[in-house]
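Nothing in this text is a laboratory measurement; each read-out follows from the coordinates by a stated rule. No experiment lies behind these values; they were computed from the predicted model shown. Heads up, the Cβs are rebuilt from the backbone with ideal geometry, glycines too, and the neighbour counts pull from every protein chain shown.
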Amino acid sequence: MEIRVLKYFLTIAREENITRAAEQLHITQPTLSRQMMQLEEELGVRLFQRNRVSVTLTEEGRLLRRRAQEILELAEKAEQEIILNRETVTGTIGIGCGETRNMEGLSRLMTSFRQHYPEVVFHIYTANADDVKEKLENGTLDFGLLLEPVEISRFNFVRMPLREQWCVLMRRDSPLAEKETITPADLVGVPLIVARRHSVRNELDNWFGEYYRRMHVVTTVNLSYNNCSIMVENHVGVGLVHDFEVPGNALCLRPLSPEIGNSCVLVWRKEQVFPPAVTKFIEHVRAAAPTL
């Protein structure tokens with residue numbers, strides 16, 4: 001089934017007359033009739049009800065008309081995109097990221113990039129570093145904004161400017177809210193909501209030190225400050241989270257003492273052939289890195 005023949009078919013369906021359709025298509029009427037007979041033989045159905053003065057579509061013909069219109073629209077769109085791609089940068093850039101204040105810096109990069117390439121669309125996928133790395137490696141994401149500790153030897157990267165500080169998220173009526181900082185000893189026996197990632201848990205376990213075995217973990221979480229906030233507000237426990245804007249007035253944050261924090265990196269695969277939009281964004285990121 002050729003695009004050309006579908007165009008012939010749609011012209012006949014619109015004109016309801018083979019002679020008029022042939023005139024519009026600048027071909028002879030016998031040639032057009034033969035093409036339609038071959039199309040009906042190919043599909044094994046009758047597409048037209050024919051009489052001396054006009055042709056009308058059968059039920060199968062009406063179905064083909066709907067699908068033929070869709071096919072021609074897609075073909076035209078593909079042709080336009082290919083032509084446009086020669087002249088401008090278009091496409092989608094997929095970025096996976098955790099919940100981090102460094103999204104501010106990434107957002108500025110996205111905004112400045114789209115000032116040069118307004119046809120590019122960004123797709124943001126929120127997940128933890130392990131999930132994002134998996135999608136980077138299988139090619140479903142182009143970039144990852146990852147909180148360390150994370151293994152990045154297989155990636156190129158740019159280090160982001162903000163260091164994420166660990167805090168305790170609690171209700172304002174909690175006795176812990178009276179303290180300026182929170183030590184491991186302060187959390188002994190307190191119900192804790194902590195990260196599920198093993199590398200992050202190891203870092204926190206080291207911070208607890210000698211108090212590690214006396215910690216009372218009641219919930220582990222993958223992501224979502226919002227969900228953690230709701231659980232803290234409803235007395236599930238206190239949350240160990242990175243510093244962020246606390247919603248509402250019922251909750252507050254207190255930093256850990258001794259202080260611990262994590263850096264953040266924007267990564268992409270090494271030695272990978274990327275589409276033009278991704279390649280341009282890599283150049284943009286590298287050029288902006290000194291000023292992030």
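Need the full-extension length gain, GLU233 to ILE27, defined as separation in residues times 0.36 nm minus the C-alpha distance. One decimal, nm.
Working: separation 206, 0.36 × 206 = 74.16 nm, distance 7.54 nm.
Taking 0.36 nm per residue and subtracting the Cα distance, the gain is 66.6 nm.
Once all Cα-Cα distances of region 165-261 are split into 5 Å bins that start at 0, what whole-number percent is in each one?
With 5 Å bins starting at 0, P(r) equals 2, 14, 28, 30, 19, 6, 1.
Can you pull the one-decimal nm distance between simple spin-label points at ARG34 and THR181, each 7 Å off the Cα toward Cβ?
Taking the simple label geometry, ARG34 and THR181 are separated by 9.1 nm.
Compute the length gained on full extension between LYS135 and ARG213: take 0.36 nm times their separation in residues and subtract their Cα-Cα distance, giving the result in nm to one decimal.
On the way: separation 78, 0.36 × 78 = 28.08 nm, distance 3.48 nm.
That works out to 24.6 nm of additional length.
Would you work out the relative contact order for the chain, in percent, from Cα pairs under 8 angstrom that are 6 or more residues apart?
Numbers: 433 pairs, mean separation 60.4, N = 292.
Over the chain, the number comes to 21 percent.
Please grab the % of Cα pairs in region 17-153 that end up more than 26 Å from each other. Each step should come with its number before you reach the end.
Numbers: 5076 of 9316 pairs.
The share of Cα pairs beyond 26 Å in region 17-153 comes to 54 percent.
Sort out for me the Cα centre separation of region 245-286 from region 212-235, rounded to whole Å.
22 Å
Subtract the Cα-Cα distance of THR126 and SER224 from 0.36 nm times their separation in residues, and report this length gain in nm to one decimal.
On the way: separation 98, 0.36 × 98 = 35.28 nm, distance 0.92 nm.
Residue separation times 0.36 nm, minus the Cα-Cα distance, leaves 34.4 nm.
If packing is taken as the average count of other Cβ atoms within 10 Å, what order do 34-41, 269-276 fall into, highest mean first?
So the order, starting with the most tightly packed, is 34-41, 269-276.
Distance cut-off 21 Å, Cα to Cα: go down the list LYS77/LYS135; LYS135/LYS270; LYS7/LYS77 and report the pairs above it.
Details: LYS77/LYS135 29 Å; LYS135/LYS270 14 Å; LYS7/LYS77 15 Å.
Pairs exceeding the cut-off: LYS77/LYS135.
Give me the Debye-computed log₁₀ of I(q)/I(0) at q = 0.07, 0.08, 0.10 Å⁻¹ for the chain, equal point scatterers on Cα only, no solvent, two decimals.
-0.50, -0.58, -0.70
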